[in-house]
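The following block contains the structure, expressed as C-alpha coordinates.
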Amino acid sequence: MNKIYNFSSGPSMLPIEVMIQAKKEFYNWNNIGSSVLEISHRSKEFLKLIKNSKKNLRNLLNIPKNYEILFCHGGARGQFSSIPMNLTKKKDIVDYIYSGHWSYQAAKESKKYCNTNIINVSYVKNKKKFILPMKKWKINNQSKYIHYCPNETIEGISIDEEPNFKNKNIIGDFSSTLLSRKINIKKYSLIYASAQKNIGTSGITIIIIKKKLIKSKNKYIPSILNYKIMLENNSIYNTPTNFSWYLSNLVFIWLKKIGGLKEIEKRNIEKSKLLYKKIDNSDFYINNITKKNRSCMNVIFQLKNSKLNNLFLKESNLNNLYALNNHKLFGGMRASIYNAMPIDGVKSLVKFMSYFEKKYKHEN
Ligand code: PMP
(Lines give C-alpha, C1' and ligand atoms only; values in the text may rest on other atoms or scores of the structure.)
Protein backbone atom coordinates (compact mmCIF):
# COMPACT_ATOMS: atom_id res chain seq x y z
CA MET A 1 0.00 0.00 0.00
CA ASN A 2 1.20 3.49 -0.81
CA LYS A 3 0.87 5.07 2.63
CA ILE A 4 0.15 8.77 2.54
CA TYR A 5 0.82 11.43 5.14
CA ASN A 6 -2.55 12.87 5.98
CA PHE A 7 -2.53 16.46 7.26
CA SER A 8 -6.29 16.62 7.75
CA SER A 9 -7.53 18.76 10.64
CA GLY A 10 -9.98 16.13 11.85
CA PRO A 11 -10.84 13.33 11.60
CA SER A 12 -7.12 12.97 11.28
CA MET A 13 -4.30 10.46 11.44
CA LEU A 14 -4.39 7.78 14.11
CA PRO A 15 -1.28 6.14 15.54
CA ILE A 16 -0.47 3.19 13.30
CA GLU A 17 0.01 0.92 16.34
CA VAL A 18 -3.56 1.72 17.43
CA MET A 19 -4.99 0.88 14.02
CA ILE A 20 -3.09 -2.40 13.87
CA GLN A 21 -4.42 -3.38 17.28
CA ALA A 22 -7.98 -2.33 16.39
CA LYS A 23 -7.75 -4.42 13.23
CA LYS A 24 -6.38 -7.41 15.10
CA GLU A 25 -9.22 -7.47 17.57
CA PHE A 26 -11.99 -6.21 15.32
CA TYR A 27 -13.83 -9.55 15.18
CA ASN A 28 -12.88 -10.82 18.56
CA TRP A 29 -12.33 -8.22 21.26
CA ASN A 30 -10.68 -9.38 24.48
CA ASN A 31 -11.44 -12.97 23.48
CA ILE A 32 -15.16 -12.52 24.01
CA GLY A 33 -15.90 -13.93 20.55
CA SER A 34 -17.48 -10.68 19.45
CA SER A 35 -16.51 -7.23 18.21
CA VAL A 36 -16.62 -4.22 20.52
CA LEU A 37 -19.06 -2.82 17.95
CA GLU A 38 -21.50 -5.63 18.59
CA ILE A 39 -21.78 -5.67 22.34
CA SER A 40 -24.08 -3.84 24.70
CA HIS A 41 -22.78 -0.71 26.36
CA ARG A 42 -24.17 -2.21 29.57
CA SER A 43 -22.27 -5.49 29.25
CA LYS A 44 -19.63 -6.19 31.87
CA GLU A 45 -16.89 -5.97 29.23
CA PHE A 46 -17.96 -2.50 28.10
CA LEU A 47 -18.40 -1.30 31.68
CA LYS A 48 -14.81 -2.37 32.27
CA LEU A 49 -13.73 -0.35 29.22
CA ILE A 50 -15.51 2.71 30.62
CA LYS A 51 -13.75 2.31 33.95
CA ASN A 52 -10.33 1.77 32.38
CA SER A 53 -10.65 4.63 29.93
CA LYS A 54 -11.45 7.03 32.77
CA LYS A 55 -8.54 5.74 34.82
CA ASN A 56 -6.15 6.01 31.87
CA LEU A 57 -7.23 9.54 31.00
CA ARG A 58 -7.03 10.59 34.65
CA ASN A 59 -3.47 9.30 34.87
CA LEU A 60 -2.34 10.85 31.59
CA LEU A 61 -3.64 14.31 32.43
CA ASN A 62 -3.16 14.06 36.17
CA ILE A 63 -6.81 14.90 36.78
CA PRO A 64 -7.47 15.63 40.47
CA LYS A 65 -10.13 13.76 42.44
CA ASN A 66 -12.47 16.75 42.60
CA TYR A 67 -13.04 16.54 38.83
CA GLU A 68 -15.36 14.20 36.96
CA ILE A 69 -14.82 12.85 33.47
CA LEU A 70 -17.87 12.60 31.21
CA PHE A 71 -18.04 11.05 27.77
CA CYS A 72 -20.74 12.85 25.80
CA HIS A 73 -22.34 13.12 22.39
CA GLY A 74 -22.68 16.03 20.01
CA GLY A 75 -19.04 16.99 19.48
CA ALA A 76 -17.55 20.25 20.65
CA ARG A 77 -20.45 22.12 19.11
CA GLY A 78 -22.77 20.20 21.41
CA GLN A 79 -20.76 21.63 24.29
CA PHE A 80 -21.18 25.14 22.91
CA SER A 81 -24.84 24.70 24.01
CA SER A 82 -24.38 22.36 26.99
CA ILE A 83 -22.02 24.69 28.83
CA PRO A 84 -24.26 27.78 29.06
CA MET A 85 -27.32 25.57 29.55
CA ASN A 86 -25.79 23.78 32.52
CA LEU A 87 -23.87 26.61 34.11
CA THR A 88 -26.00 29.72 33.69
CA LYS A 89 -29.43 31.24 34.14
CA LYS A 90 -30.91 33.61 31.59
CA LYS A 91 -29.73 36.87 33.17
CA ASP A 92 -26.23 35.65 33.95
CA ILE A 93 -23.22 37.30 32.34
CA VAL A 94 -20.47 35.21 30.78
CA ASP A 95 -17.20 36.17 29.08
CA TYR A 96 -16.22 34.63 25.76
CA ILE A 97 -12.72 35.32 24.52
CA TYR A 98 -12.68 35.76 20.77
CA SER A 99 -9.43 34.64 19.15
CA GLY A 100 -10.65 32.96 15.99
CA HIS A 101 -13.41 31.01 14.27
CA TRP A 102 -14.17 28.38 16.90
CA SER A 103 -14.15 30.65 19.94
CA TYR A 104 -16.57 32.91 18.04
CA GLN A 105 -18.87 30.00 17.20
CA ALA A 106 -18.98 29.08 20.89
CA ALA A 107 -19.84 32.67 21.84
CA LYS A 108 -22.58 32.88 19.21
CA GLU A 109 -24.25 29.78 20.61
CA SER A 110 -23.98 31.01 24.19
CA LYS A 111 -25.89 34.17 23.25
CA LYS A 112 -29.03 32.05 22.94
CA TYR A 113 -28.94 31.25 26.65
CA CYS A 114 -27.39 34.12 28.60
CA ASN A 115 -25.80 37.52 28.52
CA THR A 116 -22.67 36.89 26.49
CA ASN A 117 -19.74 39.31 26.42
CA ILE A 118 -17.54 38.78 23.41
CA ILE A 119 -13.99 39.98 24.07
CA ASN A 120 -11.71 40.31 21.06
CA VAL A 121 -8.11 39.56 22.02
CA SER A 122 -6.37 39.46 18.67
CA TYR A 123 -4.84 42.37 16.80
CA VAL A 124 -2.62 42.98 13.80
CA LYS A 125 0.50 45.15 13.92
CA ASN A 126 2.99 45.53 11.07
CA LYS A 127 1.12 42.76 9.24
CA LYS A 128 1.70 40.35 12.17
CA LYS A 129 -1.08 38.77 14.18
CA PHE A 130 -0.89 38.98 18.00
CA ILE A 131 -2.97 37.78 20.93
CA LEU A 132 -3.23 40.01 23.98
CA PRO A 133 -1.69 38.53 27.13
CA MET A 134 -4.32 37.31 29.59
CA LYS A 135 -3.77 40.15 32.03
CA LYS A 136 -5.03 42.55 29.35
CA TRP A 137 -8.25 40.64 28.68
CA LYS A 138 -11.18 42.89 29.62
CA ILE A 139 -13.01 40.46 31.87
CA ASN A 140 -16.35 41.39 33.38
CA ASN A 141 -16.34 41.42 37.20
CA GLN A 142 -19.71 39.74 37.33
CA SER A 143 -19.18 37.04 34.75
CA LYS A 144 -19.96 33.46 35.78
CA TYR A 145 -17.17 32.07 33.69
CA ILE A 146 -14.54 32.85 31.06
CA HIS A 147 -14.56 30.68 27.96
CA TYR A 148 -11.60 30.54 25.58
CA CYS A 149 -10.05 28.31 22.95
CA PRO A 150 -6.38 27.53 23.55
CA ASN A 151 -5.89 26.25 20.02
CA GLU A 152 -7.74 27.86 17.13
CA THR A 153 -7.69 25.03 14.60
CA ILE A 154 -8.44 27.17 11.54
CA GLU A 155 -6.25 30.22 12.19
CA GLY A 156 -3.38 28.14 13.63
CA ILE A 157 -3.30 30.29 16.77
CA SER A 158 -2.47 28.97 20.17
CA ILE A 159 -2.73 30.51 23.62
CA ASP A 160 -0.37 28.54 25.84
CA GLU A 161 -0.37 30.94 28.76
CA GLU A 162 -2.00 29.33 31.81
CA PRO A 163 -5.06 31.17 33.08
CA ASN A 164 -4.72 32.90 36.44
CA PHE A 165 -7.95 34.74 37.09
CA LYS A 166 -8.99 35.08 40.71
CA ASN A 167 -12.30 33.44 41.62
CA LYS A 168 -13.31 32.77 38.03
CA ASN A 169 -14.42 29.58 36.42
CA ILE A 170 -12.26 29.03 33.37
CA ILE A 171 -13.60 26.94 30.51
CA GLY A 172 -11.39 25.74 27.68
CA ASP A 173 -12.30 24.32 24.29
CA PHE A 174 -9.34 21.96 23.98
CA SER A 175 -10.69 20.16 20.90
CA SER A 176 -7.52 20.46 18.86
CA THR A 177 -4.94 20.36 21.63
CA LEU A 178 -6.03 18.01 24.44
CA LEU A 179 -3.37 15.32 25.02
CA SER A 180 -0.81 17.10 22.83
CA ARG A 181 1.02 18.61 25.83
CA LYS A 182 0.98 18.79 29.58
CA ILE A 183 -1.60 21.09 31.13
CA ASN A 184 -2.51 22.01 34.66
CA ILE A 185 -6.11 20.86 35.00
CA LYS A 186 -6.46 22.74 38.30
CA LYS A 187 -6.42 26.02 36.39
CA TYR A 188 -9.74 25.13 34.77
CA SER A 189 -13.28 24.45 35.91
CA LEU A 190 -14.23 22.70 32.71
CA ILE A 191 -12.29 21.39 29.75
CA TYR A 192 -13.88 19.81 26.70
CA ALA A 193 -12.69 18.27 23.46
CA SER A 194 -14.21 16.30 20.66
CA ALA A 195 -12.17 13.21 19.87
CA GLN A 196 -11.32 13.40 16.18
CA LYS A 197 -7.90 15.05 16.45
CA ASN A 198 -5.58 13.83 19.20
CA ILE A 199 -7.92 11.48 21.04
CA GLY A 200 -9.36 9.03 18.55
CA THR A 201 -12.02 9.35 15.95
CA SER A 202 -15.21 11.42 15.77
CA GLY A 203 -18.21 10.45 17.85
CA ILE A 204 -17.24 10.98 21.43
CA THR A 205 -16.64 14.19 23.34
CA ILE A 206 -14.65 14.40 26.55
CA ILE A 207 -15.65 16.71 29.39
CA ILE A 208 -13.45 17.20 32.44
CA ILE A 209 -15.42 19.18 34.97
CA LYS A 210 -15.14 20.22 38.62
CA LYS A 211 -17.56 18.11 40.64
CA LYS A 212 -19.09 21.11 42.34
CA LEU A 213 -20.28 22.52 39.02
CA ILE A 214 -22.43 19.49 38.25
CA LYS A 215 -25.68 20.50 39.82
CA SER A 216 -28.00 22.04 37.29
CA LYS A 217 -31.63 21.83 38.30
CA ASN A 218 -32.83 23.45 35.09
CA LYS A 219 -35.50 21.02 33.92
CA TYR A 220 -35.51 22.45 30.41
CA ILE A 221 -32.01 21.19 29.55
CA PRO A 222 -32.39 18.20 27.24
CA SER A 223 -31.45 15.23 29.43
CA ILE A 224 -28.73 14.10 27.05
CA LEU A 225 -26.98 17.48 27.48
CA ASN A 226 -27.41 17.59 31.25
CA TYR A 227 -24.12 16.96 33.07
CA LYS A 228 -25.86 15.75 36.23
CA ILE A 229 -27.88 13.17 34.35
CA MET A 230 -24.82 12.06 32.37
CA LEU A 231 -22.83 11.64 35.57
CA GLU A 232 -25.59 9.77 37.40
CA ASN A 233 -25.75 7.40 34.43
CA ASN A 234 -22.01 6.75 34.06
CA SER A 235 -22.05 8.60 30.69
CA ILE A 236 -24.28 5.89 29.20
CA TYR A 237 -27.64 7.56 29.67
CA ASN A 238 -28.20 6.55 26.08
CA THR A 239 -26.22 4.32 23.75
CA PRO A 240 -22.69 5.69 23.39
CA THR A 241 -20.46 5.54 20.33
CA ASN A 242 -18.81 2.26 21.31
CA PHE A 243 -16.10 2.29 18.70
CA SER A 244 -15.00 5.87 19.26
CA TRP A 245 -14.83 5.23 23.00
CA TYR A 246 -12.84 2.04 22.52
CA LEU A 247 -10.44 3.71 20.09
CA SER A 248 -9.88 6.62 22.47
CA ASN A 249 -8.85 4.17 25.15
CA LEU A 250 -6.37 2.52 22.78
CA VAL A 251 -4.89 5.97 22.15
CA PHE A 252 -4.62 6.61 25.92
CA ILE A 253 -2.73 3.31 26.29
CA TRP A 254 -0.49 4.15 23.31
CA LEU A 255 0.33 7.54 24.78
CA LYS A 256 1.31 6.04 28.10
CA LYS A 257 3.48 3.47 26.36
CA ILE A 258 5.49 6.04 24.39
CA GLY A 259 6.21 8.11 27.51
CA GLY A 260 3.04 10.09 28.23
CA LEU A 261 2.38 13.77 27.61
CA LYS A 262 5.96 14.81 28.33
CA GLU A 263 7.23 12.74 25.42
CA ILE A 264 4.44 13.66 23.01
CA GLU A 265 4.90 17.36 23.80
CA LYS A 266 8.60 17.04 22.96
CA ARG A 267 7.76 15.36 19.65
CA ASN A 268 5.11 17.94 18.79
CA ILE A 269 7.44 20.86 19.46
CA GLU A 270 10.14 19.27 17.32
CA LYS A 271 7.72 18.72 14.41
CA SER A 272 6.29 22.23 14.46
CA LYS A 273 9.73 23.86 14.79
CA LEU A 274 10.86 22.08 11.68
CA LEU A 275 7.92 23.35 9.68
CA TYR A 276 7.99 26.94 10.95
CA LYS A 277 11.73 27.05 10.26
CA LYS A 278 11.06 26.13 6.64
CA ILE A 279 8.39 28.83 6.36
CA ASP A 280 10.49 31.54 8.05
CA ASN A 281 13.59 30.81 6.00
CA SER A 282 11.78 31.48 2.76
CA ASP A 283 10.04 34.41 1.18
CA PHE A 284 7.94 32.02 -0.89
CA TYR A 285 5.83 30.88 2.10
CA ILE A 286 4.25 33.14 4.71
CA ASN A 287 2.92 32.70 8.23
CA ASN A 288 2.09 36.03 9.86
CA ILE A 289 1.38 34.88 13.41
CA THR A 290 3.71 36.07 16.13
CA LYS A 291 5.97 33.22 17.33
CA LYS A 292 4.47 33.09 20.81
CA ASN A 293 1.01 32.30 19.45
CA ARG A 294 1.87 29.86 16.70
CA SER A 295 0.09 26.55 17.02
CA CYS A 296 2.08 23.33 17.37
CA MET A 297 -0.93 21.42 16.05
CA ASN A 298 -2.15 23.36 13.03
CA VAL A 299 0.57 25.10 11.05
CA ILE A 300 -0.95 27.48 8.56
CA PHE A 301 0.90 29.08 5.68
CA GLN A 302 0.14 30.99 2.54
CA LEU A 303 2.00 31.02 -0.71
CA LYS A 304 3.17 34.54 -1.48
CA ASN A 305 1.80 34.03 -4.96
CA SER A 306 -1.69 32.75 -4.15
CA LYS A 307 -2.18 31.78 -7.81
CA LEU A 308 0.08 28.82 -7.07
CA ASN A 309 -2.17 27.46 -4.28
CA ASN A 310 -4.01 24.91 -6.39
CA LEU A 311 -0.83 23.74 -8.01
CA PHE A 312 0.74 23.29 -4.57
CA LEU A 313 -2.18 21.14 -3.47
CA LYS A 314 -2.15 19.11 -6.66
CA GLU A 315 1.57 18.42 -6.62
CA SER A 316 1.69 17.72 -2.88
CA ASN A 317 -1.02 15.11 -3.42
CA LEU A 318 1.08 13.47 -6.10
CA ASN A 319 3.85 13.31 -3.49
CA ASN A 320 1.62 11.48 -0.98
CA LEU A 321 1.00 14.57 1.15
CA TYR A 322 -2.75 14.92 1.67
CA ALA A 323 -5.31 17.42 2.91
CA LEU A 324 -3.04 20.45 3.11
CA ASN A 325 -5.76 22.93 2.20
CA ASN A 326 -7.06 25.09 5.01
CA HIS A 327 -10.76 25.48 5.88
CA LYS A 328 -12.75 26.99 3.03
CA LEU A 329 -13.47 30.08 5.17
CA PHE A 330 -9.81 30.88 5.56
CA GLY A 331 -7.98 29.71 2.46
CA GLY A 332 -4.28 28.99 2.05
CA MET A 333 -2.59 25.91 3.47
CA ARG A 334 -2.77 24.15 6.79
CA ALA A 335 -0.71 21.23 7.97
CA SER A 336 -2.39 19.60 10.95
CA ILE A 337 0.37 17.72 12.69
CA TYR A 338 -1.38 16.14 15.65
CA ASN A 339 0.10 13.45 17.90
CA ALA A 340 -0.15 10.66 15.32
CA MET A 341 1.77 12.51 12.59
CA PRO A 342 5.29 11.07 12.60
CA ILE A 343 8.30 13.36 12.26
CA ASP A 344 8.97 11.71 8.90
CA GLY A 345 5.67 13.10 7.63
CA VAL A 346 6.79 16.62 8.49
CA LYS A 347 10.22 16.03 6.98
CA SER A 348 8.55 14.89 3.75
CA LEU A 349 6.42 18.01 3.71
CA VAL A 350 9.43 20.28 4.28
CA LYS A 351 11.30 18.50 1.50
CA PHE A 352 8.36 18.96 -0.84
CA MET A 353 8.04 22.64 0.07
CA SER A 354 11.71 23.19 -0.82
CA TYR A 355 11.28 21.36 -4.11
CA PHE A 356 8.13 23.31 -5.00
CA GLU A 357 9.77 26.61 -4.10
CA LYS A 358 12.75 25.91 -6.29
CA LYS A 359 10.53 24.89 -9.18
CA TYR A 360 8.24 27.92 -9.08
CA LYS A 361 10.40 30.61 -7.50
CA HIS A 362 10.53 32.60 -10.73
CA GLU A 363 6.74 32.94 -10.57
CA ASN A 364 6.79 34.57 -7.14
N1 PMP B 1 -13.73 23.67 18.50
C2 PMP B 1 -12.55 23.51 17.86
C3 PMP B 1 -11.32 24.16 18.40
C4 PMP B 1 -12.50 22.72 16.71
O5 PMP B 1 -11.35 22.55 16.07
C6 PMP B 1 -13.68 22.11 16.23
C7 PMP B 1 -13.70 21.21 15.01
N8 PMP B 1 -12.72 21.34 14.12
C9 PMP B 1 -14.87 22.32 16.93
C10 PMP B 1 -14.85 23.11 18.05
C11 PMP B 1 -16.15 21.68 16.47
O12 PMP B 1 -16.05 20.34 16.77
P13 PMP B 1 -17.19 19.28 16.41
O14 PMP B 1 -17.20 19.14 14.94
O15 PMP B 1 -16.75 18.04 17.12
O16 PMP B 1 -18.47 19.83 16.95
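The values are calculated or read from the model by the stated rules, or taken from the named source; none is laboratory data. The model shown is predicted, which means the values in this text are computed figures rather than measured ones. Cβ atoms come from the backbone with ideal geometry, glycine included; neighbour counts cover every protein chain shown. The accessibility values were calculated without ligands, DNA or RNA, using every heavy atom of the protein model including side chains. Shrake-Rupley method; radii C 1.70, N 1.55, O 1.52, S 1.80 Å.
Over all alpha-carbon pairs of the range 120-166, lay out the pair-distance distribution in 10 Å bins, whole %, shortest bin first.
The calculated distribution, bin by bin, is 20, 55, 22, 2.
Ok, one more. At LEU329 and ASN62, where each label point lies 7 Å from the Cα along Cα→Cβ, what is the point-to-point distance in nanometres?
Computed distance between label sites LEU329 and ASN62 equals 3.4 nm.
Taking Cα centroids, how far is the range 15-87 from the range 166-219 in Å?
15 Å
Please give the contour-minus-distance gain from ARG77 to SER354: 0.36 nm per residue of separation, less the Cα-Cα distance, rounded to one decimal in nm.
Numbers: separation 277, 0.36 × 277 = 99.72 nm, distance 3.79 nm.
Separation in residues times 0.36 nm, less the Cα-Cα distance, equals 95.9 nm.
Under a 1.4 angstrom probe, counting protein chains only, how are TRP102, TRP254 ranked by accessible area, largest first?
Working: TRP102 65, TRP254 30 Å².
Ranked from most to least accessible, the order is TRP102, TRP254.
Right, another one. With a 1.4 Å probe and all protein chains left in place, how much accessible area per residue does the range 260-363 have, in Å²?
50 Å²
Related question: Can you give the alpha-carbon Rg of the chain over 2.2 N^0.38 Å, where N counts its residues?
Numbers: Rg = 21.1 Å, N = 364, 2.2 N^0.38 = 20.7 Å.
Relative to the rule-of-thumb radius for its length, the chain sits at 1.02.
How high is the FRET efficiency from LYS273 to ASN317, r the C-beta distance, R0 25 Å, rounded to 0.05?
Values: r = 25 Å, r/R0 = 1.01.
About 0.50, to the nearest 0.05.
Within the accessible area of the range 235-327, what % is carbon and sulfur when the probe is 1.4 Å and the other protein chains stay in place?
52 percent
Given a 1.4 Å probe and the protein chains all in place, what does the accessible area of THR201 round to, in Å² to the nearest 10?
So the heavy atoms of THR201 present about 40 Å² to solvent.
Next question. Determine the dipole magnitude for the range 260-363: charges of +1 sit on the beta-carbon of Lys and Arg, -1 on that of Asp and Glu, nothing else is charged, the reference point is the Cα centre, and the result goes in debye to the nearest 20. Let's see the in-between values first.
Numbers: 20 positive and 9 negative charges, 31 e Å.
Rounded to the nearest 20 debye, it is 140 debye.
Another question, then. I'd like to know which of PHE301, PHE356, LEU321 lies farthest towards the positive end of the charge dipole of the range 260-363, counting +1 on Cβ of Lys and Arg and -1 on Cβ of Asp and Glu.
So the residue we want is PHE301.
Relative to the present Cα-Cα distance, how much length would full extension add between LYS108 and THR239 at 0.36 nm per residue of separation?
Details: separation 131, 0.36 × 131 = 47.16 nm, distance 2.92 nm.
Full extension of this stretch gives 44.2 nm more.
For the range 260-363, report the % of Cα-Cα distances exceeding 20 Å. Mind showing how you got there, number by number?
Numbers: 1859 of 5356 pairs.
Considering the range 260-363, 35 percent of its Cα-Cα pairs are separated by more than 20 Å.
Compare TYR355, TYR338 by solvent-accessible area with a 1.4 Å probe and give them largest first, with all protein chains kept in place. Don't skip to the end; give the middle numbers.
On the way: TYR355 105, TYR338 5 Å².
Per-residue accessible area, sorted high to low, gives TYR355, TYR338.
Right, something else. Using the Cα centre of the range 94-139 as origin and beta-carbon charges of +1 (Lys, Arg) and -1 (Asp, Glu), tell me which of TRP137, TYR96, ASN126 is placed farthest towards the positive end of the dipole.
Ranked along the dipole, the leading option is ASN126.
Something else: Give the calculated FRET efficiency between LEU37 and SER306 to the nearest 0.05, with a Förster radius of 30 Å applied to their Cβ-Cβ distance.
Working: r = 44 Å, r/R0 = 1.48.
It comes to 0.10.
What's the carbon and sulfur percent of the range 47-188's accessible surface, probe 1.4 angstrom, rounded to a whole number?
Working: 3140 of 6650 Å².
Ligands and nucleic acids excluded, carbon and sulfur reach 47 percent.
Using the crude model of +1 on Lys and Arg Cβ and -1 on Asp and Glu Cβ, and no other charge, please compute the dipole size for the chain relative to its Cα centre, in debye to 20.
Working: 62 positive and 24 negative charges, 225 e Å.
The dipole magnitude comes to about 1080 debye.
Multiply the residue separation of GLU17 and PHE165 by 0.36 nm, subtract the distance between their alpha-carbon atoms, and state the gained length in nm to one decimal. Walk me through the intermediate numbers first.
Values: separation 148, 0.36 × 148 = 53.28 nm, distance 4.05 nm.
Full extension of this stretch gives 49.2 nm more.
Here's another thing I want to ask about it. Using the Kyte-Doolittle scale, which helices in the chain average at least 0.0 and also have C-alpha atoms spread 20 Å or more along the helix axis, with helices defined as whole DSSP H runs? It would help to have the intermediate numbers written out before the result.
Working: long enough: 44-61 (26 Å, -0.69); 242-258 (24 Å, 0.63); 260-280 (30 Å, -1.10); 343-360 (26 Å, -0.17).
What comes out of the filter, once short or polar helices are dropped, is 242-258.
On a 20 Å Cα-Cα criterion, which of the cross-link pairs LYS24/LYS266; LYS129/LYS182; LYS55/LYS262; LYS273/LYS347; LYS271/LYS351; LYS256/LYS291 come out too long? Don't jump to the answer; show the numbers that get you there.
Working: LYS24/LYS266 30 Å; LYS129/LYS182 25 Å; LYS55/LYS262 18 Å; LYS273/LYS347 11 Å; LYS271/LYS351 13 Å; LYS256/LYS291 30 Å.
Those over the limit are LYS24/LYS266; LYS129/LYS182; LYS256/LYS291.
Take GLU25 and ILE343, extend 7 Å from each Cα along the Cα→Cβ direction, and tell me the distance between the two endpoints in nm.
Distance between the two pseudo-spin positions: 3.0 nm.
Shifting gears a bit: So if the hydrodynamic radius of the range 314-364 is defined as the Kirkwood radius over C-alpha pairs, what does Stokes-Einstein give as its diffusion coefficient at 20 °C and 1.002 mPa s, in µm² per second? Present the calculation step by step, with values, prior to reporting the outcome.
Values: Rh = 12.1 Å.
D = 178 µm²/s.
Please name whichever of VAL251, LEU275, ASN238 sits farthest to the positive end of the charge dipole of the range 226-296, dipole taken about the Cα centre and charges placed at Cβ: Lys and Arg +1, Asp and Glu -1.
Of the candidates, LEU275 comes out farthest on the positive side.
FRET efficiency for LYS266 and SER223, Cβ-Cβ distance as r, R0 = 35 Å, nearest 0.05?
Numbers: r = 42 Å, r/R0 = 1.21.
So, using R0 = 35 Å, E works out to roughly 0.25.
Rolling a 1.4 Å sphere over the protein heavy atoms, what is the accessible area per residue of the range 86-167, to the nearest Å²? Working shown, then result.
On the way: 4400 Å² over 82 residues.
Counting only protein heavy atoms, the per-residue value for the range 86-167 is 54 Å².
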